[in-house]
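Trainee: Below is the structure I would like to discuss, written out as structure tokens.
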Amino acid sequence: MGQARRERFVAIVAEESRSLSQKLNEALREYADALKANLSLEDIRATDLLGVARQRIESSLGVAVEQEAIDEELWIRVDSFAVVQALAFLAGRLHEDYAVRRLRFSARAAGRHAELDLGWEGVIVASDALSLWEVEPMQIGAEQTPLTLRDVLERHGGEVWHHTAGPGGQRSARFRFLLPAGEAGAAPARAAVAPAESRPEYYDFDLFRLSDAALALQERRLATLAFTVFDTETTGLEPSAGDEIISIGAVRVVNGRMLKNEVFEQLVNPRRPLSRESVRVHGIGPEALAGQPTVEQVLPAFHRFCEDTVLVAHNAAFDMRFLELKEAASGVRFAQPVLDTLLLSAAAHPAHEDHRLEAIAERLGVRIIGRHTALGDALLTGEIFLKLVPLLAGRGIVTLGQALEASRQTYYARIQY
């Protein structure tokens, strides 16, 4: 065979291989989509599900699993087989890639959701590991499925993130799943809850009063800044009338990416009764807050988490007013610049009148998960913020100063501030 014919033959084989590979990938994706659509959600006791997952992990991977702090009355609504697969898959990756030999399960109610933790000690897992594992077909030993961890989460309307605590080699870490709670285990006040509306727009805080440090960032491009996207849950809607923070959730955004391994999540003891109306919104009862640290203890830790970043929140004046009123008691002041996704949405979409978080999410194609939990809303707001940045750039709004000025010029800001 001559050189020219050989080269043409090799090119034909290569093209056929690419075509076959593409068709195979498409077939696998279609099969995965079919499997995902067929996942059936049913109520199961969390302790029973985690018991099955424990047996699966120990028998297939030889990894010891401890069950601790699991509410016996907690029910979740899941496809149990798929969630067990997801837990076993992550356990396998931790064991194979990081030599983790001992894991622990815990679970608790989180409003209308449940938090399931897969935890371990000591081993430091790469910050991007979870993001990479989310999109891989799940494999446990010799068993493989085209379903990915992301497929399972999307079917459940859930989320997972990586949380660490403690210094160096003593670090404690966990993958936390946020999944829908089952009706059988929900408290009566939670079981009958309809989806709650966004809190009213709030303007009792000047978002455009900038410190010297904030002024120095005015010319920086949004794409080059680090952000802390946060949310609070509270006892009510009137911080100046004595309402208190009961939960803070936050996530970092750096280089245009939301870092789900860098989150802040803490319940707060308000040292005052909770109203039925507030419990109806966030689903956090007084029993969950008993023994939690006070806001004076929590805010310094949150301040350290978000220092040297720009703060981002939805309807941000509401959350910032709560923080401002606790400056004297906590000894910390949040002097960073603050961006409000409500105002940024109005700047990016001036023709739209509805800038509630749910409306913006629907407009931008962002999945809503964990609504009215502090961390769930922070994650949702972070996704929305990342979608808004390129839309703002299309309108010539690329620096922090331009984003603040555009926010100031919106209808909402002009009539209220």
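The values are calculated or read from the model by the stated rules, or taken from the named source; none is laboratory data. Here the structure is a predicted model, which is why all the values come from computation and not from measurement. As a convention, Cβ positions derive from the backbone with ideal geometry for all residues, glycine included, and neighbour counts pool all protein chains shown.
Trainee: Can you tell me which residue among Gly185, Gly157 is under 21 Å from Arg45 (Cβ atoms) and modelled with pLDDT of 60 or more?
Mentor: Gly157
Trainee: Is it true that some residue in the stretch 271-281 is under 24 Å from Ile384 (Cβ atoms) and touching a residue at least 60 places away in the same chain (Cβ under 8 Å)?
Mentor: Yes, the stretch 271-281 contains at least one residue that is under 24 Å from Ile384 (Cβ atoms) and touching a residue at least 60 places away in the same chain (Cβ under 8 Å).
Trainee: Among the residues of the stretch 20-66 satisfying the criterion of being of a type in the set (Ser, Thr, Tyr) and modelled with pLDDT of 80 or more, which is nearest to Gly158 (Cα to Cα)?
Mentor: That would be Thr47.
Trainee: Still on this structure: Within the stretch 369-389, restricting attention to residues that are closer than 23 Å to Leu237 by Cα and of a type in the set (A, V, I, L, M), which residue is surrounded by the fewest Cβ atoms within 10 Å (Cβ to Cβ)?
Mentor: Top of the filtered list is Ile369.
Trainee: Check Val366, Val312 and return the single one that is touching a helix residue (DSSP H, G or I) at 6+ places or on another chain (Cβ under 9 Å), over 25 Å from Ala288 (Cβ atoms) and surrounded by fewer than 24 Cβ atoms within 10 Å (Cβ to Cβ).
Mentor: After ruling out the rest, the residue left standing is Val366.
Trainee: May I pose another question? Search the stretch 271-296 for residues being of a type outside the set (A, V, I, L, M), touching a Ser or Thr at 6+ places or on another chain (Cβ under 8 Å) and in a helix (DSSP H, G or I), and hand back the single one that is nearest to Pro337 (Cα to Cα).
Mentor: So the residue we want is Glu296.
Residues are listed down the side, and each one gets a yes or a no for (1) farther than 20 Å from Asn315 by Cα; (2) among the hydrophobic types (A, V, I, L, M, F, W, C); (3) under 14 Å from the mean Cα position of the chain (by Cα); (4) crowded, with 18+ Cβ neighbours inside 10 Å:
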residue: Glu238; (1), (2), (3), (4): no, no, no, no
residue: Gly242; (1), (2), (3), (4): no, no, no, no
residue: Gly249; (1), (2), (3), (4): no, no, yes, yes
residue: Val253; (1), (2), (3), (4): no, yes, yes, yes
residue: Phe264; (1), (2), (3), (4): no, yes, yes, yes
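Trainee: Here is a follow-up. Which ones in the stretch 321-336 are out of contact with any strand residue (DSSP E or B) (no Cβ under 6 Å at 6 or more places or on another chain) and not acidic (Asp, Glu)?
Mentor: Taking the stretch 321-336 and keeping what is out of contact with any strand residue (DSSP E or B) (no Cβ under 6 Å at 6 or more places or on another chain), we get 321, 323-335.
Across the stretch 321-336, the qualifying residues are Arg321, Leu323, Leu325, Lys326, Ala328, Ala329, Ser330, Gly331, Val332, Arg333, Phe334, Ala335.
Trainee: Are there helices (runs of 4 or more DSSP H) fully within the stretch 337-413 with at least 1 residues that are in contact with a strand residue (DSSP E or B) (Cβ under 9 Å, 6 or more places away or on another chain)? List them.
Mentor: Numbers: elements: 341-348, 357-364, 374-393, 400-408.
Once the helices (runs of 4 or more DSSP H) in the stretch 337-413 are filtered for at least 1 residues that are in contact with a strand residue (DSSP E or B) (Cβ under 9 Å, 6 or more places away or on another chain), what remains is 341-348, 374-393, 400-408.
Trainee: Also, quick follow-up: Tally the residues that are among the hydroxyl-bearing types (Ser, Thr, Tyr) and in a helix (DSSP H, G or I), restricting the search to the stretch 67-123.
Mentor: Adding up the residues that qualify gives 2.
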